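To start, the structure itself, in structure tokens.
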Amino acid sequence: MKKSLTKISLFILIGLIIFGCNSTKRVPDGKSLLTKNNIYIDDKKDNAEEVFNQLYQKQNSAIFGFPLRLNIYNLAKPKSDSLFKAKMIQNPKRYYRKARWLSKKQVKRLGESFLYSGVDNFLRKTGEAPVVLDTSSTRRSLKRLRSYFYNRGYFDVTTQYKIDTVDKKKVKLRYDIKTGKPYIIDSIKTFIASPALDSIYQSRKRNAVLKSKQKFETVTFDEERKRITEDFRNNGAFRFQQNYVTFDIDTLKKTHIANVDLVIENESIRLEDSVKTKPFELYKISKVNIFTDHNPTNASAPIKDSVVYNDFTLYSTTKLKYRPKAITDGIFVTKGNYFSDFRSSITSRYLSNLKVFNYPLIQYVEDKTQKNSLIANVYLTPRKKYTFGFSTDFTHSNIQDFGITGNTFLGIRNVFNGAETFEIGFRGNIGSSKDLANPNNTFFNISEIGVDAKLNFPRIFLPFKTDKIIPKTMIPFTTLSVGYAKQTNIGLDKQNFTSSLTYNWTPKRNTNFKLDLINIQFVKNLNPSNYFNIYQSSYNTLNEIAQDYLPATSPYFNQDTGRLLIEDGTNGFINDVAAGNIPLSVSDAKSVLSIVERRQRLIENNLIFATNISFTKTSKKDLLDNEFFAVKAKVESAGNLLSILARASKQLQNQNGANTFLDVEFSQYLKGEFEYIKHWDLSRKKVFATKVFAGIAVPYGNSDDVPFSRSYFAGGTNDNRAWQSYSLGPGASGSFLDFNEANMKLAFSAEFRFNIFQQLNGALFTDIGNIWNVLDNSKNEAAIFEGFKSLENIAVGSGFGFRYDFNFFIVRLDLGFKTYNPSEFVNDKWMKEMRFDKSVLNIGINYPF
């Protein structure tokens, strides 16, 4: 029955597409559908987006050559609301019956309702109306193309177009552009009337964008005009504007050479009905006023408190609430310096980054008491000192049947009057699970609580000065954070304590450094005996092996269910295997050993005392930028300080021979990561995106392996989407364990993104990568990285996905297929699982990279 329904649905879908495939059915008689625009430049076809965008009229969009949106539009009935009206006119008795039952107004609305017009309106809105050839738009496109190449130095450019009939009611357009020989800039002469400006220009002309012997391009002149204006306004030219920079161009047609005169006239000043000119002058800052509690709705409030600090004057309408240095450290507009747009910009960025004020306002007024002087007024509007938030959610998962989660948040600004911010959050969860032991028969038998606190300082918080290494212009800040969480009846009932001392600074815009001088994590498992209740895959494998070697009457089994008892049965069987009392096959012995190693690894307590530094850089300008790169790198070292302290305190080693600190084995390792993301804008809402990731964590000294929280896993929504999280690798092992992780990872992803219609986008992707063990205590040969030959165990996943753009976030659905599975037998590695029943569905928010 299901197969029949599927076939019927498929036939209906194909029929609808075929019906809509008459692409000219909505093209009026005597008109033609524009099916293609071809642009030829000097007899060579050009598909560059920038050139194509000069056209006023473009053909209908298509997905892999198929005009899907046009055919969806053609499925809609034209003027469906008019059809309803005609239907009522033809049957007036029916109309009057409906009017008596409803009303005339409601009958009219009925014709516009989804029942009569909704489907057709949806199809028209989702689809795309046919692009009918309009020769007036073609001529305008030709004019724009001519201007486009003219602005790129092709002054002799000629353009023409040709209409080719493809089929009945279908045409193609061909644009032919003959560019001719480009003009080259020869000499560049400057005529700057103001001596002060000429001096600045001469001192910085080595940075000129416009140079001789380069091709004439209008964009180069625009960039040079912008550069000159920035130089002048960053060196005191307060009254200078970009429109004062003009270029006189003399072209020699026969030789295709352009001579350029750069002209900057004196300042024009309007006096009533006349205009006079005078040389531009440079302005210095004579005074800096800072209004610390400016209220735009009450700007004239009287000043009640003020203080002078290092040539800054701070004002307040109440008692001053800030230590002067905390604010003046972020003011780069200083007395005695020349006016500078850059100083204004960096001041605004610094003060905004404090998160204590709204975006600041900086105004300059001429100082009437001093010639060529400016008074800088910095207006700061404080944010609310206290912010409080609360949220709650109702949850359901495989751990709890019903749960209630609550989060509270309290933020305090200007805590110590130094523009510091303090944030503290509490989180809690109570839930019910019928699968867990519940001797008191209480409904809520699961709980988790946590608290996180964070204190931010707008400077590098150290006992010595760092201004020479990290100046204030890099907007440094320090964060001290601490957190605690405790679980009851969840997993192994962990207690998790974290703390860190972090420094951040920004050397350049879109470039950031982050140093965790101290990063502490302590994880304590309070209920390790619950391991096999939680990690069911490990338990099921151990149970199956035990059933093959033990009699059904063994005391290790529950006689009612025939399964291993937890934890007497599991521990008893494992101990007998280790003692050699139960001889196992080689493969079963390896499986039991893997289970034992993983159990020991996940139930052990961890103490991580690390230091790390990370670097990020991106060329992305804004959220709409689809042509950019991003680089991330991180180096982390853990355990070295504790190793020194443990030796100095002469602590005894534990039974495993490892040093301890506060009776806990501490982790010691060195870790490095690198990630590179690159996006290419392929035009017309098409983007090709790639990501490369490499990471390795090497244990040494006090550790034989890397803590679980610092190891790598593969698979999942933002990784290799053909495998579920933690299910891929390590290597070719094809592990049966619940969580597969290792200390080395390589990954590469590529994704082609395209628009389907409106806010719905599609993607085709390929994910390549795996995890391995290297230089640790792993004994599974299939999981160990042994050089280049191990790269044959890189897994390949591919698939397709859909994304719906809600503007402020994107909902993503990806379907991944195992294209190459390194854990399968040789003849079954490639393409054997490219089936929907073997696929993995991933649902995520925003793009994976």
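Under 7 Å between Cβ atoms, which residue pairs at least 6 apart in sequence (or on different chains) link something in segment 698-717 that is at positive phi with a partner that is surrounded by fewer than 19 Cβ atoms within 10 Å (Cβ to Cβ)?
Listed pairs, sorted by first residue: G701/S643; G715/Q724; G715/S725; G715/Y726; G716/Q724; G716/S725.
Would you call K838 in contact with a strand residue (DSSP E or B) (Cβ under 9 Å, 6 or more places away or on another chain), under 29 Å from F64 (Cα atoms), charged (D, E, K, R) and surrounded by 15 or more Cβ atoms within 10 Å (Cβ to Cβ)?
Against the criterion (in contact with a strand residue (DSSP E or B) (Cβ under 9 Å, 6 or more places away or on another chain), under 29 Å from F64 (Cα atoms), charged (D, E, K, R) and surrounded by 15 or more Cβ atoms within 10 Å (Cβ to Cβ)), K838 does not qualify.
I need a count of the residues in segment 537-563 that are out of contact with any Gly (no Cβ under 9 Å at 6 or more places or on another chain), surrounded by 12 or more Cβ atoms within 10 Å (Cβ to Cβ) and either in a loop (DSSP other than H, G, I, E, B) or at pLDDT 95 or above (or both).
The number of residues fulfilling the criteria is 1.
So how many residues does segment 222-243 have that are aromatic (F, W, Y) and out of contact with any Ser or Thr (no Cβ under 8 Å at 6 or more places or on another chain)?
2
Taking the condition over 20 Å from F342 (Cα atoms) and within 41 Å of the chain's Cα centre (by Cα), does E217 pass?
Here the answer is yes, as E217 does meet what is asked.
Those residues that are part of a strand (DSSP E or B) and in contact (Cβ under 8 Å) with a residue 12 or more places away in the chain, I need them from segment 817-831; list them, please.
F817, K818, T819, Y820, M831
Looking at (1) over 30 Å from L623 (Cα atoms); (2) not in a loop (DSSP other than H, G, I, E, B), find the lone condition where G801 falls short.
Checking G801 against (1) over 30 Å from L623 (Cα atoms); (2) not in a loop (DSSP other than H, G, I, E, B), the one that fails is (1).
Quick check on segment 297-304. Is at least one of its residues in a strand (DSSP E or B), among the β-branched types (V, I, T), under 30 Å from F357 (Cβ atoms) and out of contact with any Asp or Glu (no Cβ under 6 Å at 6 or more places or on another chain)?
No: zero hits.
Just name the residue that is surrounded by the most Cβ atoms within 10 Å (Cβ to Cβ) out of those in segment 444-474 that are among the polar types (S, T, N, Q) and over 24 Å from L526 (Cα atoms).
Among those that are among the polar types (S, T, N, Q) and over 24 Å from L526 (Cα atoms), it is N456.
Sort through F713, F757, F800 and tell me the only one that's more than 28 Å from D837 (Cα to Cα) and aromatic (F, W, Y).
Answer to the selection: F757.
Please verify whether segment 159-182 includes one or more residues that are in contact with a Phe, Trp or Tyr (Cβ under 7 Å, 6 or more places away or on another chain), in a helix (DSSP H, G or I) and without any contact (Cβ under 8 Å) to a residue 40 or more places away in the chain.
Checked segment 159-182: no residue is in contact with a Phe, Trp or Tyr (Cβ under 7 Å, 6 or more places away or on another chain), in a helix (DSSP H, G or I) and without any contact (Cβ under 8 Å) to a residue 40 or more places away in the chain.
If a residue has to be touching a helix residue (DSSP H, G or I) at 6+ places or on another chain (Cβ under 8 Å) and either assigned by TED's automatic domain parsing to the domain that holds A237 or more than 23 Å from N456 (Cα to Cα) (or both) to count, how many in segment 317-333 make the cut?
So the answer is 1.
Of the numbered conditions (1) farther than 28 Å from F232 by Cα; (2) modelled with pLDDT under 95; (3) surrounded by 14 or more Cβ atoms within 10 Å (Cβ to Cβ), Y315 fails exactly one; give the number of that condition.
Failing condition for Y315: (2).
If you go through segment 187-240, how many residues are under 27 Å from V365 (Cβ atoms), among the basic types (K, R) and assigned to a loop (DSSP other than H, G, I, E, B)?
Going through segment 187-240 one residue at a time, the tally reaches 1.
Quickly run through segment 801-827 and pick out the residues that are modelled with pLDDT of 90 or more and aromatic (F, W, Y).
Within segment 801-827, F802, Y804, F817, Y820 qualify.
For residues in segment 65-86 being touching a strand residue (DSSP E or B) at 6+ places or on another chain (Cβ under 9 Å) and of a type in the set (A, V, I, L, M, F, W, C), which is modelled with the lowest pLDDT?
L68
Considering F757, F802, F808, which residue is in contact with a helix residue (DSSP H, G or I) (Cβ under 7 Å, 6 or more places away or on another chain) and among the hydrophobic types (A, V, I, L, M, F, W, C)?
Only one candidate passes the filter, namely F757.
Tally time: how many residues in segment 507-536 are part of a loop (DSSP other than H, G, I, E, B) and aliphatic (A, V, I, L, M)?
Residues in segment 507-536 being part of a loop (DSSP other than H, G, I, E, B) and aliphatic (A, V, I, L, M): 1 in total.
Applying the selection to segment 388-438, what residues are exposed (fewer than 13 other Cβ atoms within 10 Å of the Cβ), modelled with pLDDT of 85 or more and assigned to a strand (DSSP E or B)?
Across segment 388-438, the qualifying residues are F388, G389, F390.
Could you list, in sequence order, all residues of segment 605-633 that are surrounded by 15 or more Cβ atoms within 10 Å (Cβ to Cβ) and either over 30 Å from L517 (Cα atoms) or out of contact with any Phe, Trp or Tyr (no Cβ under 9 Å at 6 or more places or on another chain) (or both)?
T611, N612, N626, F628
Looking at E786, E792, which is the one that is closer than 30 Å to S703 by Cβ and touching a strand residue (DSSP E or B) at 6+ places or on another chain (Cβ under 9 Å)?
E786
Please verify whether S798 is modelled with pLDDT of 90 or more, over 17 Å from A750 (Cβ atoms) and not acidic (D, E), treating the condition exactly as stated.
In short, no.
Take the residues of segment 98-124 that are under 30 Å from L34 (Cα atoms) and touching a Phe, Trp or Tyr at 6+ places or on another chain (Cβ under 9 Å): which is modelled with the highest pLDDT?
So the residue we want is L123.
The values are calculated or read from the model by the stated rules, or taken from the named source; none is laboratory data. Quantities reported herein were computed from a predicted structural model and do not represent experimental measurements. All Cβ positions, even for glycine, are placed from backbone atoms using ideal geometry, and neighbour counts span all protein chains on display.
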